[in-house]
Amino acid sequence: MSTAKVKEITGMSPTGFDDAIKSGIARANKTLGNIKSAWVENQQIMLDDNGQINEYRVQLMITYMFEE
């Protein structure tokens, strides 16, 4: 029998949501390993003092399998 767990993480990028997703998945692969799926739960932009976008953030739900 296999067991999976879901972990919430935030990916960030100065260039766009796609890069934020990729950086979040890459980081999760380093610490969690055995990732099977992910979905974007939420998106957010951070603005500087002039109202310009300076960071894109995605809230990711990562599903990974436990080692048996």
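The values are calculated or read from the model by the stated rules, or taken from the named source; none is laboratory data. The structure presented is a predicted model; accordingly, all values stated were derived computationally and were not measured. Note: ideal-geometry Cβ built from the backbone for every residue, glycine included; neighbour counts use all protein chains shown.
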Discussion item. Condition first: assigned to a loop (DSSP other than H, G, I, E, B) and among the polar types (S, T, N, Q). Now tell me which residues in the range 30-61 satisfy that.
Written reply: Asn34, Asn50, Gln52
Worksheet item: Here is a list of conditions, (1) over 10 Å from the mean Cα position of the chain (by Cα); (2) part of a strand (DSSP E or B); (3) loosely packed, with under 12 Cβ neighbours inside 10 Å, and Tyr64 meets all of them except one; can you say which number that is?
Response: (3)
Worksheet item: Just checking, which of Asn54, Asn50 is among the polar types (S, T, N, Q) and either in contact with a helix residue (DSSP H, G or I) (Cβ under 9 Å, 6 or more places away or on another chain) or free of Cβ contacts under 8 Å to residues at least 40 places away in the same chain (or both)?
Response: Asn50
Worksheet item: Filtering the range 1-29 down to residues that are in a strand (DSSP E or B) and of a type outside the set (A, V, I, L, M), which residue is modelled with the lowest pLDDT?
Response: Lys5
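Residue-wise test of (1) surrounded by fewer than 11 Cβ atoms within 10 Å (Cβ to Cβ); (2) small (Gly, Ala, Ser); (3) closer than 15 Å to Thr63 by Cα.
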{"site": "Val6", "(1), (2), (3)": "no, no, yes"}
{"site": "Ile9", "(1), (2), (3)": "no, no, yes"}
{"site": "Gly16", "(1), (2), (3)": "no, yes, no"}
{"site": "Ile21", "(1), (2), (3)": "no, no, yes"}
{"site": "Thr31", "(1), (2), (3)": "yes, no, yes"}
{"site": "Val40", "(1), (2), (3)": "no, no, yes"}
{"site": "Met46", "(1), (2), (3)": "no, no, no"}
{"site": "Asp49", "(1), (2), (3)": "yes, no, no"}
